[in-house]
1. Just wondering, is there one or more residues in region 18-33 that are more than 15 Å from the chain's Cα centre (by Cα) and assigned to a helix (DSSP H, G or I)?
2. Looking only at residues that are surrounded by 13 or more Cβ atoms within 10 Å (Cβ to Cβ) and part of a helix (DSSP H, G or I) in region 74-97, which one is farthest from the chain's Cα centre (by Cα)?
3. Quick one: which of E43, E37, E70 is among the charged types (D, E, K, R), loosely packed, with under 15 Cβ neighbours inside 10 Å and touching a Leu at 6+ places or on another chain (Cβ under 8 Å)?
4. Give A126, A104, A108 a once-over and let me know the one that is modelled with pLDDT of 90 or more and not polar (S, T, N, Q).
5. What tally of residues in region 17-59 results from selecting those that are in contact with a Phe, Trp or Tyr (Cβ under 9 Å, 6 or more places away or on another chain), of a type in the set (A, V, I, L, M) and free of Cβ contacts under 8 Å to residues at least 24 places away in the same chain?
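The values are calculated or read from the model by the stated rules, or taken from the named source; none is laboratory data. Bear in mind the structure is a predicted one, so any value in this text is a computation, not a measurement. Cβ coordinates were reconstructed from backbone atoms using ideal geometry, including for glycine residues, and neighbour counts include every protein chain displayed.
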Amino acid sequence: MRDRFKSGQWEYLGKHRVRVQKDVVFLRTLGEIDLAEMRTLHEICLDVYRTEGLVFCAVDASGGGSISAEVRRWTAEFNRQNPCEGGNAIYGTSLLVRAAARLALGAASIISRREIPTIFVSDERAAMHWIGEQRHSFQLRQRSAPHRANQMVG
């Protein structure tokens, strides 16, 4: 699946656009994201995670991006069955869209039994800054994990 997006060039995902750069999946939405589009997006993300060990989504939602209850339920179940390290940085949204998205993300966290780090930021630059911080934090946790395990044994 990722081979199609390997070049880092924008490709169509239904009516939306997607590109992959290392551990970041960039998405530009255009209206509602249907179930087939969400399934393909999650296949791409899972492939990135399996290759890179992390996956982040930088979502430009300025073109709209509502998600039906059916798609939200499917996404929550997929995330429960396929836990990945990473997070989502979303930009280009109105205050109303952010409030609705927070409610949806909260419900998804309950269904999937895990919270995916998500932030709403002003633009792509801020999204990439946050992703860089998250990546660094993950790397620090990975480095200290063997140390903590040794402390628990001894």
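1. Filtering region 18-33 down to residues more than 15 Å from the chain's Cα centre (by Cα) leaves 30-32.
Restricting the remaining residues to those that are assigned to a helix (DSSP H, G or I) gives none.
Within region 18-33, none of the residues are more than 15 Å from the chain's Cα centre (by Cα) and assigned to a helix (DSSP H, G or I).
2. Looking only at region 74-97, we keep the residues that are surrounded by 13 or more Cβ atoms within 10 Å (Cβ to Cβ), and these are 74-80, 82, 84-93, 97.
With the extra rule that they be part of a helix (DSSP H, G or I), the set shrinks to 74-80, 97.
Details: W74: 15, T75: 11, A76: 12, E77: 15, F78: 13, N79: 10, R80: 14, V97: 17 Å.
Among those residues, the one meeting the criterion is V97.
3. Values: E43 fails: touching a Leu at 6+ places or on another chain (Cβ under 8 Å); E37 fails: loosely packed, with under 15 Cβ neighbours inside 10 Å.
None of the others qualify; the one that does is E70.
4. Values: A104 fails: modelled with pLDDT of 90 or more; A108 fails: modelled with pLDDT of 90 or more.
It is A126.
5. So the answer is 0.
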